[in-house]
Amino acid sequence: FSGRPGHPRELEIVQYAKNVLEDPTFSRLPSAEQVSAWVLRTLYLRATTRPHAAWLASCVTIHLAEASALHHEVENVELTANDKALPPRTKKITERARRLFWCAWSINSILSYDYGRSSASLGGISCKLPTKSDGNYTAQLVDLALIIPPANTEASKETRVADLLQALTLVYETPDEHNFLS
């Protein structure tokens, strides 16, 4: 975005990160760190390449979030033997997990709608929405993504148009709090 060429080894770095993320020894045990890495990969792909690649990465991200149980409240998830070394579950950790899941969900929802593709569907989401806080715009991003009309192929064209116009009105009325959200 700066108008200058990227780092001379950018392609090597990108390929290395892709190889690590897709390495079966690394991806064998899904984790919040993997979800974070896939969120970053999705955003990088959205900014640098074709929409299809970003959409696919966002779907992988959602499924990793499901596999690591981020779509449930942290305190409701049973610890496994591998999780015994995790730090105690504090409010900060719980809120971080919420933000990560809802950020991944929002990105997938927005990219899917933007490109006319299906969003990754998860059943039984029990993760609470993130808390609004100064300097963190995750909750506002989620609010924007929640405005997107659900895919309803059985609805009439008039109903779908009305839903879209209502969504556009809600987006337009959303406070302009940060350039990223704009």
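Here is how the numbers come out for the structure above:
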| quantity | calculated |
| --- | --- |
| Selected residue [under 12 Å from ILE62 (Cα atoms) and not charged (D, E, K, R)] from ASN108, ASN152 | ASN108 |
| Pair list, Cβ under 6 Å, 6 or more apart: the stretch 45-70 residue more than 25 Å from CYS127 (Cβ to Cβ), other residue open to solvent by less than 40 Å² (accessible area, probe 1.4 Å) | ALA53/LEU45 |
| Any hit, the stretch 94-117, residues being surrounded by 15 or more Cβ atoms within 10 Å (Cβ to Cβ) and not in a helix (DSSP H, G or I) | yes |
| Counted residues, the stretch 162-174 - those being open to solvent by 70 Å² or more (accessible area, probe 1.4 Å) and free of Cβ contacts under 8 Å to residues at least 12 places away in the same chain | 4 |
| Enumeration of residues in the stretch 119-158 that are in a helix (DSSP H, G or I), farther than 23 Å from ALA97 by Cβ and open to solvent by less than 60 Å² (accessible area, probe 1.4 Å) | ILE147 |
| The stretch 1-35, subset outside any helix (DSSP H, G or I) and under 29 Å from ARG98 (Cα atoms), residue least open to solvent (accessible area, probe 1.4 Å) | SER31 |
| Any hit, the stretch 137-149, residues being small (Gly, Ala, Ser) and more than 15 Å from the chain's Cα centre (by Cα) | no |
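The values are calculated or read from the model by the stated rules, or taken from the named source; none is laboratory data. Remember, it's a predicted structure, so these values are computed and weren't measured experimentally. Heads up, the Cβs are rebuilt from the backbone with ideal geometry, glycines too, and the neighbour counts pull from every protein chain shown. Please note that ligands, DNA and RNA were not included when accessible areas were found on the heavy atoms of the full protein model with its side chains. Shrake-Rupley method; radii C 1.70, N 1.55, O 1.52, S 1.80 Å.
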